[in-house]
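Here is the structure we will look at, set down as structure tokens.
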Amino acid sequence: MHPLLEKEHQQLIDLLEALDKCVSEGLSANQVYKHLDDFVTLAETHFHNEEEVMETYKYTETISHTDEHNRLLEQLYSLRNKLHNGHTPFGNDYMKLLRNWLEAHLLDTDNKLDKFLYQVNTKN
């Protein structure tokens, strides 16, 4: 995997764990919102970096991969806005959604990109 992307993956996992801890310990909505906001900001940065790597290496599945990023960001923005406006408690259901998405994205979509990058780099 590209070193920057790998580092960002770990940061996303770490932020998700911090958010999960915050939720499970019943910390304030402001603290939960801060962790979620940090997660969203990192996801935006990571997706941008990942899309630049895909473009640089002419990854054949860039469009579908980018579409997945956009769908997740829409969900994250919606969730963050609901939490910010006090319309929803942030609980285990949302944590499960985030964990499932991150796991699926890392193990499937990003794994395909990783294999592609490995093939490109071993040919050179």
Which distance in Å, rounded to a whole number, links the C-alpha centroids of region 73-87 and region 1-27? 18
In nm, what is the difference between 0.36 nm times the number of residues separating ASN100 and GLN75 and their Cα-Cα distance? 7.7 nm
Stretch GLU17-HIS87 to full length: gain in nm at 0.36 nm per residue minus the Cα-Cα span? 22.9 nm
Check the straight Cα-Cα distances from LYS58 and name the lysines below 26 Å, setting aside those fewer than 8 residues away within the same chain. LYS7, LYS112, LYS115, LYS123
Against the empirical 2.2 N^0.38 Å scaling, what ratio does the C-alpha Rg of region 58-118 come to? 1.37
With each run of n ≥ 4 DSSP H residues scored as -39500 (n - 2.57), what mean residue ellipticity at 222 nm is computed for the chain after dividing by its residue count and rounding to the nearest 500 deg cm²/dmol? -28000 deg cm²/dmol
When the label point is put 7 Å from the Cα of LYS123 along its Cα-to-beta-carbon vector, which residues of region 43-61 have a backbone N closer than 19 Å? 52-61
Cα-based helix-to-principal-axis angle, 3-24 vs the chain, degrees rounded to 10: 20
With equal scatterers on the alpha carbons only and no solvent term, can you work out the Debye log10 of I(q)/I(0) for the chain at 0.13, 0.17, 0.19 1/Å? -0.54, -0.85, -1.01
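Read-outs throughout are calculated quantities, based only on the coordinates presented, and are distinct from any laboratory measurement. Keep in mind that what you see is a predicted model, and the values were worked out from it rather than measured. Neighbour counts run over all protein chains shown; Cβ positions are idealised from the backbone, glycine included.
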